[in-house]
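Here is the structure we will look at, set down as structure tokens.
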Amino acid sequence: MLGLKLPTDPRWVNIVEKNIEDILTDHAWCEQKAASTAVSLIVSFPEYTDLIQEMIALVKEEISHFKMVHDKILERGWILGRDRKDEYVAQILSFFPKGGSRTTQLIHRLLYAALIEARSCERFRLLSEQLEDRELAEFYRKLMVSEANHYTMFLGFARKYGDRTEVDQKWNDLLSFEADVMKNLSKHQSIHG
Ligand SMILES: [Fe+2]
Ligand SMILES: [Fe+2]
């Protein structure tokens with residue numbers, strides 16, 4: 001599914017199940033960062049008109065996801081906690097070399113976004129299938145569908161703006177790199193950790 005090379009260890013759901021407040025907090029910040037990523041693509045690459053149009057829609061959608069998760073936190077009588085460092089994201093960023101042409105930088109940012117969306121989608125699917133809390137499971141099922149569309153959109157833009165063969169090679173290398181990163185994760189109550 002989604003091209004990912006290593007499925008999440010199913011035991012990760014057990015860790016999450018015991019820490020619903022932590023996972024919702026981490027998840028809320030993931031949605032906020034997804035909205036920020038879309039804004040920053042608008043700021044950095046204004047001349048890519050069709051990308052901008054999609055990013056405007058995405059900002060709205062991701063911030064509405066942020067609200068949905070925030071509402072879930074409030075419904076359960078909690079208050080949104082502070083954001084924490086995302087170890088997964090830090091490691092994934094190290095895959096991309098600094099510099100390069102403007103197009104290369106755009107492609108890297110699109111592939112990075114596609115990967116985060118793909119892994120989030122895979123984890124939402126696991127939560128939707130395995131959480132004993134059926135209300136929360138249904139919540140994740142709906143979100144899973146949106147994130148799958150985001151993954152294909154980002155990958156589609158990378159293929160459109162870059163050389164198709166080079167982009168596909170880089171995407172494949174990124175997926176292998178990510179599988180290695182994942183081997184040492186899946187042990188924490190965070191969306192990617
Ligand atoms: Fe989202
Ligand atoms: Fe998304």
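The numbers here are math on the coordinates, done by the rules we state, and not lab data. Predicted, not measured: the structure shown is a model, and the values here were computed from it. Heads up, the Cβs are rebuilt from the backbone with ideal geometry, glycines too, and the neighbour counts pull from every protein chain shown.
Across the chain, the convex hull enclosing all Cα atoms gives 109 Å³ per residue. For the peptides 63-70, 31-38, the ranking by mean Cβ contacts within 10 Å, running from highest to lowest, is 31-38, 63-70. Mind checking the angle between helix 49-75 and the chain's longest principal axis? C-alpha axes, 0 to 90 degrees, to the nearest 10. Here the helix axis deviates by roughly 10 degrees. Dipole check for the stretch 1-87: with +1 at the C-beta of Lys and Arg, -1 at the C-beta of Asp and Glu, and the Cα centre as origin, the magnitude is about 260 Debye.
From helices alone, the chain scores -25500 deg cm²/dmol at 222 nm; the rule is -39500 (n - 2.57) for each run of n ≥ 4 DSSP H residues, then divide by the residue total.
Peptides 110-118, 127-135, 43-51 ordered by packing proxy, namely the average of other Cβ atoms within 10 Å per residue, highest first: 110-118, 127-135, 43-51.
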